[in-house]
Amino acid sequence: MIKIVIAEDQQMLLGALGSLLDLEDDMEVVGQASNGEEVIKLVRDLNPDICIMDIEMPIKTGLDAAEELMDAPCQTIILTTFARSGYFERARKAKVSGYLLKDSPSEDLANSIRSIMKGRKVYAPELIDLAFEEPNPLTERETEVIELIAEGLSTKEIAQKLF
């Protein structure tokens, strides 16, 4: 039986996710939290196999909680509406096992949990391109100069402004 803790600040969604996962023969929701601080305590007290978290929650965000639980024995899944590269990169650095979007089909969540329990990582397809984007090759100073050129400043004006 896969033991699951869920953290979601929207009570209706929290209840719906819990009910949906409890319908699975091989899964049991053992705890529910409405903020990141509560979920950290639940994970430490209940020792679940999987922790599913929203990102934007009160007191402590899901990403803050994921970073704090990075060395916990459970696998963390971020379940969010946000397909943002900054969030995704931070989640990857926190060693989350999954990053799924809430607009995915409901059966994808249970299948993702099973895949993660087999040692795989599961990321929403929309996020994969974000992971391989090239970082800006310009330095911060070079970017600053280009922005001033775009404002129409002359070389002399740019030099005066920067030095």
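The values are calculated or read from the model by the stated rules, or taken from the named source; none is laboratory data. Small disclaimer: the values here were computed from a predicted structure and weren't measured. In this analysis, Cβ positions are derived from the backbone assuming ideal geometry, glycine residues included, and neighbour counts consider all displayed protein chains. Please note that ligands, DNA and RNA were not included when accessible areas were found on the heavy atoms of the full protein model with its side chains. Shrake-Rupley method; radii C 1.70, N 1.55, O 1.52, S 1.80 Å.
Data for the structure
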item	result
Mean Cβ neighbour count within 10 Å, used as a protection proxy, ranking 55-61, 116-122 highest first	55-61, 116-122
GNM top mover of ILE113, ILE50, ILE149 - the chain, alpha-carbon springs below 10 Å	ILE149
Convex hull of the range 92-132 built on C-alpha atoms - directionally averaged projected area, nm²	3.1
Portion, in percent, of the accessible area of the range 12-163 that falls on carbon or sulfur, probe 1.4 Å	52
³J(HN,Hα) computed for each position of the range 71-85 - Karplus, 6.51 cos²θ - 1.76 cosθ + 1.60, integer Hz, glycine/proline x	9, 5, x, 7, 8, 9, 10, 8, 10, 8, 8, 9, 9, 10, 4
Enclosed volume per residue, in Å³, of the convex hull spanned by Cα atoms of the range 1-51	49
Per residue accessible area in Å² of the range 7-87, where ligands, DNA and RNA are left out and the probe is 1.4 Å	48
Scaled radius of gyration (Cα, divided by 2.2 N^0.38 Å) that the range 26-90 gives	1.06
Debye log10 I(q)/I(0) for the chain, one point scatterer per Cα, at q = 0.11 Å⁻¹	-0.50
The chain, dipole about Cα centre (Lys/Arg Cβ +1, Asp/Glu Cβ -1), debye to the nearest 20	420
Most to least accessible of PHE82, PHE163, PHE88 (protein chains only, probe 1.4 Å)	PHE163, PHE82, PHE88
Per-residue [θ]222 nm for the chain (sum of -39500 (n - 2.57) over DSSP H runs n ≥ 4, rounded to 500)	-13500 deg cm²/dmol
Fraction of beta bridges assigned by DSSP in the chain that are antiparallel (%, nearest 5)	0
